[in-house]
1. Look at the range 73-92 and say how many of its residues are outside any helix (DSSP H, G or I) and either open to solvent by less than 100 Å² (accessible area, probe 1.4 Å) or of a type in the set (K, R) (or both).
2. Out of the range 1-21, which residues are closer than 28 Å to R76 by Cβ and either assigned to a helix (DSSP H, G or I) or among the acidic types (D, E) (or both)?
3. For L45, state whether it is surrounded by 10 or more Cβ atoms within 10 Å (Cβ to Cβ) and not in a strand (DSSP E or B).
4. Considering only residues that are open to solvent by 60 Å² or more (accessible area, probe 1.4 Å) and either part of a strand (DSSP E or B) or among the hydroxyl-bearing types (S, T, Y) (or both), which ones fall in the range 22-42?
5. Which residue pairs have Cβ atoms under 6 Å apart, sit 6 or more places apart or on different chains, and have a first residue in the range 7-21 that is open to solvent by 70 Å² or more (accessible area, probe 1.4 Å) and a second that is modelled with pLDDT under 95 and of a type outside the set (V, I, T)?
Amino acid sequence: MALTKGDIAKALADGSGYPRNQSVELIETLLEIIKSALASGEDVLISGFGKFCVKTKRERRGRNPATGEDMMLEARKVVTFKWSGQLRDKINNQH
């Protein structure tokens, strides 16, 4: 099961004493800041967690899976995530 924004807001409210609606606003603001930075081509580094990077993929040949027809896929941007050593260690050392 996935961790949702609602789950994060509840945990933040429970752990910090902020009202739940204020926790939701805080998370929404944080996510908007991250989305804006990525949309403008900036990387987002969260120390101890990882780095979100914007990469440009070149135009390439592809195939329509429904028809098998060859086609050209346009160049596009994708977001990648590189986890930090601390996060890697935490995930790999869980028992």
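The values are calculated or read from the model by the stated rules, or taken from the named source; none is laboratory data. Worth saying up front: this structure is predicted, and the values here are computed from it rather than measured. With ideal geometry, Cβ positions are generated from the backbone for all residues, glycine too; neighbour counts draw on all protein chains shown. Remember, those area values only see protein heavy atoms, side chains included, never the ligands or the DNA or RNA. Shrake-Rupley method; radii C 1.70, N 1.55, O 1.52, S 1.80 Å.
1. We begin by selecting, within the range 73-92, every residue outside any helix (DSSP H, G or I); these are 73-84.
Keeping just the survivors that are either open to solvent by less than 100 Å² (accessible area, probe 1.4 Å) or of a type in the set (K, R) (or both) gives 73, 75-82, 84.
Number of matching residues: 10.
2. Filtering the range 1-21 for residues closer than 28 Å to R76 by Cβ gives 2-5.
Correct list: K5 only.
3. Working: surrounded by 10 or more Cβ atoms within 10 Å (Cβ to Cβ): yes; not in a strand (DSSP E or B): no.
Against the criterion (surrounded by 10 or more Cβ atoms within 10 Å (Cβ to Cβ) and not in a strand (DSSP E or B)), L45 does not qualify.
4. Listed by number, the residues that qualify are T29, S36, S40.
5. Partner pairs satisfying both residue conditions: R20/A13.
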